[in-house]
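The values are calculated or read from the model by the stated rules, or taken from the named source; none is laboratory data. Remember, predicted model here, so these are calculated numbers, not experimental data. With ideal geometry, Cβ positions are generated from the backbone for all residues, glycine too; neighbour counts draw on all protein chains shown. Each accessible area value is taken on the protein alone, full model and side chains, heavy atoms only, with ligands, DNA and RNA left out. Shrake-Rupley method; radii C 1.70, N 1.55, O 1.52, S 1.80 Å.
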Amino acid sequence: MIDVLSVVSECAPLVKTGGLADVAGALPGALTSEGVRMRTLLPGYPAVMAAAAGAEAAMEIDDLFGGPAKVRAATVAGLDLLILDAPHLYDRPGSIYLAPHGGDWSDNPERFAALSWVAARIAAHGIGGWHPAILHGHDWQAGLMCEYLHDAGTKGVRTVMTIHNIAFHGIAPAAKLRQLRLDPARFTPEGFEYWGNISALKAGLMGADRLTTVSPTYAEELMTPEFGMGLDGVMRDRRADLSGILNGIDEDVWNPATDDQIAPYKTPKGKAKAKAALREEFCLPDAEGPLCCVVSRLTEQKGLDLLIEALPALLERGGQLALLGSGDAALEEAFRQAANHENVAVRIGYDEGLSHRLIAGSDAILVPSRFEPCGLTQLYGLRYGTVPLVALTGGLADTVINASPAAMAMGVATGVQFHPITAGALTNALTRLCDLYADPDTWDALQKNAMAQPVGWGTSAARYAALYKDLLA
Ligand code: ADP
Ligand code: GLC
């Protein structure tokens with residue numbers, strides 16, 4: 001049995017803002033059959049504390065970046081959690097990352113430095129007699145664990161950092177060096193210094209024994225200036241230690257045959273009821289073209305401004321759009337305006353149940369991202385026979401097989417891809433989608449291929465386990 005501590009800032013089903021939480025929530029279960037015991041160190045936000053009420057304290061810390069803290073052990077939703085109960089850092093209402101005015105909480109550097117510091121302490125001293133052999137950190141929020149581990153002089157404990165999104169660096173001003181308990185001697189370009197600031201992500205990328213990211217294509221892209229977001233040089237230097245391991249989805253949570261949000265179905269034909277119910281819920285009329293959905297954060301990354309431009313191509317062909325999302329005010333407003341068309345329906349907000357009904361009841365799911373480390377919604381689409389139309393980038397490139405004439409003839413096509421990532425190319429892709437939909441046999445074949453594609457954790461969990469074994473060998 002290999003003991004691994006996963007260090008992460010969100011974890012489904014307890015607290016989620018995006019795909020990171022899905023991955024953190026599903027990976028431990030998938031690793032069990034691979035001989036890995038993964039425990040998860042998670043901040044004690046109000047929702048987490050409520051779910052783990054009465055959990056015993058297994059570690060006490062007098063002063064954790066400005067207040068006392070405890071680490072509580074609890075099993076919630078099958079997850080073996082170590083909850084960092086530090087009210088001065090995490091007991092606040094609203095978003096886990098953003099203050100009420102919309103910007104980051106001003107003490108985010110301390111909040112996640114604390115998480116990383118406690119991870120290193122658990123590595124150094126164990127907790128309740130348990131000693132992890134590996135710390136596996138996710139994104140910038142866990143990056144500083146490598147620094148603290150170094151300072152603790154912990155020998156033998158190995159580290160893995162997974163990049164879910166390199167756009168977020170976890171920057172703090174150099175003035176916070178002492179406050180964040182960082183060694184000034186390591187504040188150099190070879191350490192965690194980044195253009196005069198502290199970068200928590202860079203600390204992790206420089207310090208971890210191994211780096212992974214969530215798809216093979218994104219692993220390659222990260223080494224280019226276009227996608228590396230200023231850290232492409234670091235990624236190139238660490239090429240030998242970098243691997244791309246595709247995310248899976250939780251096949252129990254996302255299962256069209258048992259999903260209690262919909263009339264469950266096992267074949268593409270069975271979708272009809274889910275589609276009718278969705279049209280009713282969204283007040284959409286019957287239509288000739290495909291019913292397309294979007295479930296997404298509304299940000300620059302997701303390329304949904306391109307969809308606003310390309311939308312007429314779908315509507316002209318009698319297609320429809322149903323969107324669920326929230327984020328940038330300008331994009332929210334643009335989609336509200338678009339919903340004036342009778343074939344466009346928009347819900348601004350976050351709604352887990354509705355996301356299932358949308359993906360189940362639609363013919364296609366649109367993911368026109370400018371970059372996408374992996375992406376999960378196209379995988380949900382595949383599982384539900386909801387044909388993905390995606391930009392050719394990152395994990396979207398790795399998980400969808402474009403319906404070219406050759407791929408159709410071979411019986412392997414699962415969706416539509418477009419490139420370059422422009423409104424023009426998306427317009428053409430929407431037209432292609434409508435053409436495919438207009439031929440029932442072609443569409444049926446696409447849906448069947450999509451539903452037959454493996455999207456679970458099996459292969460990827462085995463790859464993580466192999467990486468851990470290799471690291472300890
Ligand atoms: P990212 O992590 O970049 O947001 P992913 O595709 O990896 O992208 O994961 C997004 C996750 O968040 C998916 O599980 C998706 O269903 C969910 N999601 C995004 N927006 C919403 C929303 N408005 N309501 C419900 N779920 C959402
Ligand atoms: C990030 C990425 C997304 C990925 C998710 C989980 O949020 O934007 O592409 O699927 O992390 O790894």
* Structure fact -> Every listed condition ((1) in contact (Cβ under 8 Å) with a residue 40 or more places away in the chain; (2) within 27 Å of Tyr350 (Cα to Cα); (3) not in a strand (DSSP E or B)) holds for Leu41 save (3)
* Would you say Ala409 is in a helix (DSSP H, G or I), outside the structural domain of Met223 (by TED's automatic domain parsing) and more than 16 Å from ligand 2 (Cβ to nearest atom)? -> yes
* Asked: What are the residues in the stretch 234-251 that are away from ligand 2 (no atom under 15 Å from the Cβ) and under 16 Å from Ala24 (Cα atoms), if any?
  -> Glu251
* Structure fact -> Flagged pairs (Cβ under 8 angstrom, 6 or more apart or on separate chains; first in the stretch 10-24, polar (S, T, N, Q); second modelled with pLDDT under 95 and more than 11 Å from ligand 2 (Cβ to nearest atom)) are Thr17/Ser95
* **Residue tally, condition open to solvent by less than 40 Å² (accessible area, probe 1.4 Å) and either over 30 Å from Ser369 (Cα atoms) or within 16 Å of ligand 2 (Cβ to nearest atom) (or both), over the stretch 168-184** => 7
* Tell me which residues, restricted to the stretch 247-268, are open to solvent by less than 50 Å² (accessible area, probe 1.4 Å) and within 21 Å of Leu396 (Cα to Cα). => Asn247, Gly248, Ile249, Trp254, Asn255
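If I filter the stretch 52-77 down to residues being in contact (Cβ under 8 Å) with a residue 40 or more places away in the chain and of a type in the set (Val, Ile, Thr), which single residue comes out as nearest to Gly128 (Cα to Cα)? Before you say what the answer is, go through the steps one by one.
Let us first name the residues in the stretch 52-77 that are in contact (Cβ under 8 Å) with a residue 40 or more places away in the chain, namely 58-59, 61, 64-66, 69, 71, 73, 76-77.
Still in the list and also of a type in the set (Val, Ile, Thr): 61, 71, 76.
Numbers: Ile61: 14, Val71: 10, Val76: 18 Å.
Taking the candidates together, the pick is Val71.
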* To do: Tell me, please, whether a residue that is assigned by TED's automatic domain parsing to the domain that holds Pro225, modelled with pLDDT of 95 or more and not in a helix (DSSP H, G or I) can be found in the stretch 117-127.
  => yes
* To do: Please find, within the stretch 10-24, the residue that is nearest to ligand 1 (Cβ to nearest atom) out of those that are open to solvent by less than 30 Å² (accessible area, probe 1.4 Å) and touching an Asp or Glu at 6+ places or on another chain (Cβ under 7 Å).
  => Leu20
* **The one condition in (1) in contact with a strand residue (DSSP E or B) (Cβ under 6 Å, 6 or more places away or on another chain); (2) outside any strand (DSSP E or B) that Asp80 fails to fulfil** => (2)
* Going through the stretch 347-375 one residue at a time, which ones are closer than 23 Å to Asp260 by Cα, hydrophobic (A, V, I, L, M, F, W, C) and away from ligand 1 (no atom under 11 Å from the Cβ)? -> Ala360, Ala364
* Asked: Filter the stretch 356-380 for residues that are within 16 Å of the chain's Cα centre (by Cα) and farther than 21 Å from Ile308 by Cβ; which is farthest from ligand 2 (Cβ to nearest atom)?
  -> Tyr380
* So which of Gly25, Gly54, Gly102, Gly67 ends up being touching a Pro at 6+ places or on another chain (Cβ under 9 Å) and in a loop (DSSP other than H, G, I, E, B)? -> Gly67
* Tell me, please, whether a residue that is surrounded by fewer than 21 Cβ atoms within 10 Å (Cβ to Cβ), under 20 Å from His136 (Cα atoms) and within 16 Å of ligand 1 (Cβ to nearest atom) can be found in the stretch 35-48. => no
* Is it true that some residue in the stretch 141-161 is within 16 Å of ligand 1 (Cβ to nearest atom) and open to solvent by 40 Å² or more (accessible area, probe 1.4 Å)? -> no
* Given the conditions (1) among the polar types (S, T, N, Q); (2) more than 16 Å from ligand 2 (Cβ to nearest atom); (3) crowded, with 16+ Cβ neighbours inside 10 Å; (4) in the same structural domain as Ala142 (by TED's automatic domain parsing), and given that Thr224 satisfies all but one, which numbered condition is not satisfied? -> (3)
* Consider Asp398 carefully, then state whether it is of a type in the set (D, E, K, R), open to solvent by 10 Å² or more (accessible area, probe 1.4 Å) and within 16 Å of ligand 2 (Cβ to nearest atom). => yes
* To do: Kindly indicate whether any position in the stretch 64-81 is polar (S, T, N, Q) and open to solvent by 20 Å² or more (accessible area, probe 1.4 Å).
  => yes
* **Hits in the stretch 128-161 - residues which are among the aliphatic types (A, V, I, L, M) and assigned to a helix (DSSP H, G or I)** => Ala142, Met145, Leu149, Ala152
* Structure fact -> Within the stretch 283-305, the count of residues that are surrounded by 22 or more Cβ atoms within 10 Å (Cβ to Cβ) and away from ligand 2 (no atom under 16 Å from the Cβ) comes to 4
